[in-house]
Structure formats: structure tokens, C-alpha cells
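> The structure under discussion is supplied below as C-alpha cells; questions concerning it will follow.
The values are calculated or read from the model by the stated rules, or taken from the named source; none is laboratory data. These numbers come from a predicted model, not from an experiment. Every residue, glycine among them, receives a Cβ derived from its backbone with ideal geometry; neighbour counts consider all protein chains shown. Quick note on the areas: whole protein, heavy atoms, side chains included, nothing else; ligands and nucleic acids left out. Shrake-Rupley method; radii C 1.70, N 1.55, O 1.52, S 1.80 Å.
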Amino acid sequence: MRSIYEQALGADFAKLHPRIQQRFGFSSQDRTASIGSGVMHHIWYNKLVALPLFFGTLRHIMFPKGGTNIPFSIENFAYKDHYGRETVTWIRKFQFTRSVQYFDATMVYSGERERIVDYLGNQQHLAVDLEISVSENGGIKICSGDQRFYEGWLQFKCPNVLTGKAEVNEWYDDQESCYKITVEVRNPIMGRVFHYVGSFQAAFITTDSESIPIGIRPLREEKRE
């Protein structure tokens with residue numbers, strides 16, 4: 001079975017750096033997970049949106065904190081969710097001096113939309129269309145598109161002026177022998193609202209759906225994409 005990223009990229013997946021192919025190339029059948037740890041050299045947020053970011057912390061969607069040299073970890077597990085969809089977790093933890101902040105997501109490949117859909121947070125209330133491409137340095141580039149909100153009977157497309165467009169770039173630096181990542185979230189009115197730059201190492205462990213640790217899967221799964 002191809003990973004969701006290989007499904008999204010098709011033949012272009014082979015253009016990724018071999019170490020990026022390794023991090024984004026496994027599926028639930030491979031019984032593999034990627035566990036990364038490193039440092040966020042710089043985290044910044046726009047204080048004008050501190051309140052919305054604070055409410056986001058309640059569901060593990062960004063946070064109103066910044067700083068330098070912040071230890072962090074990222075856990076990517078592949079499994080089949082309750083609806084039979086191939087799923088990959090992005091569990092990010094940031095160790096600030098007095099607290100741990102979370103930024104969680106689960107990604108699935110949508111055959112209907114012919115793209116990856118990213119569920120933000122630990123309860124899958126926000127579904128975001130993603131555009132995946134290969135950078136010139138062999139890294140992977142992920143850009144967010146339309147966002148939809150799902151809560152019980154309530155569902156609607158989020159207006160662009162009220163959302164943030166994210167761009168994630170991850171690549172492998174051969175000279176420094178580590179993975180590097182940048183994330184930037186911008187709003188059409190407020191401009192940049194959230195940004196971080198970091199580097200990390202990744203270990204690959206053997207796992208399966210029965211041994212995924214507590215806290216990795218979302219608290220709630222949403223069928224609507």
C-alpha cells in the first residue's frame with residue numbers, strides 16, 4: 001500500500017530526498033512510525049490574534065507563545081481509522097519553560113477530493129484541503145487551502161478572511177545531517193499570525209495499530225471530509 005503522500009504526489013514522490021521519502025513513505029501496512037525530536041530555533045506569534053490562538057490550545061491547534069531554542073517532538077504514526085481510511089498523525093509538542101504546548105493533526109487521503117485532507121486539533125473539527133509538492137532541494141512542501149468546520153449537525157466552509165493559510169516546508173540537510181522544518185501561517189487581513197523554524201532527528205520504530213500510544217489518536221473522528 002502506498003502512503004498517503006505518495007498517493008498525493010504520484011510519480012513526483014521519487015523526486016523527494018531519500019530521507020524525506022523514508023519519513024513520508026510508510027503506510028499502516030509497514031508497521032512503522034517516525035518519532036522526531038529536536039529544537040525550534042524560533043517560534044513567533046502575532047499578539048493581535050493571541051485570543052483566537054488561546055482558544056485553539058483547548059483543542060491542540062497552535063498556541064499564543066513564542067521563544068527561541070524550544071525543545072520539541074513530532075510523532076507520525078500510520079493507521080486505519082474507524083472509517084477504514086489510511087491516516088497519519090502529526091503530534092507536535094513544544095516544551096516551554098512552564099508548560100507543554102500542543103499542535104495536533106491527522107491527515108487522510110480523500111479519494112473524493114483527490115487530495116490529502118488535514119484534520120486540525122485533537123477532535124477533527126477543522127478539515128483542511130492540502131496541496132503537496134516537491135521543492136527544489138528535495139523537500140516536501142505542504143500548503144493549506146479551503147477549510148471546513150464540522151460539529152454535530154453543524155457544518156460550513158470557513159471564510160478565508162477568518163482563517164490562516166499555512167505553508168509547511170520540510171527537507172533534509174545533508175551537511176548538518178538533520179531534518180529541517182519551517183511553518184508559516186498567514187491571514188489575508190492580519191498578515192503573518194504564526195511562524196516557527198526548527199531542526200530535528202527522526203528515529204523509525206516498529207509499531208502497529210494495537211500498540212499506538214495513548215494520546216496519539218484524536219479524541220473524536222470525523223467522517224465528513
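> Using a Gaussian network model of the chain whose springs link C-alpha atoms within less than 10 Å, name the residue from Ser135, Ser34, Ser73 with the highest mean-square fluctuation.
Ser135
> Mind ranking 18-25, 103-110 by how tightly packed they are, going by the mean number of other C-beta atoms within 10 angstrom, highest first?
Order by mean packing, descending: 103-110, 18-25.
> OK, next. Using a Gaussian network model on the chain with a 10 Å cutoff between Cα atoms, which of Gly84, Gly38, Gly191 fluctuates the most?
Gly84
> Here's another thing I want to ask about it. Could you pull out the trypsin sites (Lys or Arg not before Pro) across the range 67-130 that fall in loop regions by DSSP (anything but H, G, I, E, B) with no more than 11 other Cβ atoms inside 10 Å?
For trypsin sites (Lys or Arg not before Pro) across the range 67-130 that sit outside H, G, I, E and B with at most 11 neighbouring Cβ atoms in 10 Å, the list reads Arg98.
> Would you mind telling me which residue in Ile70, Ile214, Ile142 has the biggest mean-square fluctuation in a Gaussian network model of the chain, where springs connect alpha carbons within a distance under 10 angstrom?
Highest fluctuation of the listed residues: Ile214.
> Also, quick follow-up: For the range 149-188, which chymotrypsin sites (Phe, Trp or Tyr not before Pro) are both in a DSSP coil and crowded by at most 15 other Cβ atoms within 10 Å?
Answer in residue order: Trp153.
> Please compute the net charge surrounding Ile91, taking Lys and Arg as +1 and Asp and Glu as -1 over other residues with Cβ under 14 Å from its Cβ.
+1
> Would you please give the residues with an amide H less than 5 Å from that of Phe96, counting only those at least 5 places away or on a separate chain, with H modeled from the backbone geometry?
Counting only residues 5 or more places away or on other chains, the set is Gln101.
> Which value, in Å to one decimal place, does the Kirkwood hydrodynamic radius take for the chain when every pair of different Cα atoms is included?
Values: mean 1/r = 0.0561 Å⁻¹.
Its Kirkwood hydrodynamic radius stands at 17.8 Å.
> Can you tally the net charge around Tyr79? Count Lys and Arg as +1, Asp and Glu as -1, for every other residue whose Cβ sits under 9 Å from the Cβ of Tyr79.
Residues near Tyr79 contribute -1 overall.
> Please work out the FRET efficiency for the pair Leu48 and Lys141, using the Cβ-Cβ distance as r and a Förster radius of 35 Å; give the result to the nearest 0.05.
Computed FRET efficiency for Leu48 and Lys141: 0.80.
> If you rank Arg220, Arg31 by how much accessible surface each has, with a 1.4 Å probe, what is the order from largest down?
Descending order: Arg31, Arg220.
> For n ≥ 4 DSSP H runs only, could you compute -39500 (n - 2.57) per run for the chain, divide by its residues and tell me the 222 nm figure to the nearest 500?
-2500 deg cm²/dmol
> Compute the Cα gyration tensor for the range 11-131, then decide on rounded, prolate or oblate, letting a ≥ b ≥ c be the square roots of its eigenvalues: rounded whenever a/c is under 1.5, prolate when a/b is larger than b/c in the other cases, and oblate in all that remain.
prolate
> May I pose another question? Is the range 153-225 best put as rounded, prolate or oblate by its Cα gyration tensor, with a ≥ b ≥ c the root eigenvalues, rounded for a/c under 1.5, and otherwise prolate when a/b is larger than b/c, oblate when not?
It is oblate, given that a/c is not under 1.5 and a/b is not larger than b/c.
> Next question, about the same structure. So what's the range 87-132 giving for Rg/Rh, alpha carbon basis, Kirkwood Rh from the mean inverse pair distance?
Value, to two decimals: 1.10.
> Calculate what fraction, in whole %, of the accessible area of the chain sits on carbon and sulfur atoms when a 1.4 Å probe is rolled over the protein chains.
52
> For the range 44-132, which GluC sites (Glu not before Pro) are in a loop by DSSP, counting at most 16 other Cβ atoms within 10 Å?
For GluC sites (Glu not before Pro) across the range 44-132 that sit outside H, G, I, E and B with at most 16 neighbouring Cβ atoms in 10 Å, the list reads Glu112, Glu114.
> Another one. Let me have the relative contact order for the chain, percent, based on Cα pairs under 8 Å that are six or more residues apart.
22
> Right, next: Using a 1.4 Å probe, what is the accessible area per residue for the chain, in Å²?
49
> Skipping prolines and chain starts, which residues have an amide H placed within reach, meaning under 5 Å, of the one on Val193, given they are 5 or more residues away or on another chain?
HN-HN under 5 Å from Val193: Val185, Arg186, Asn187.
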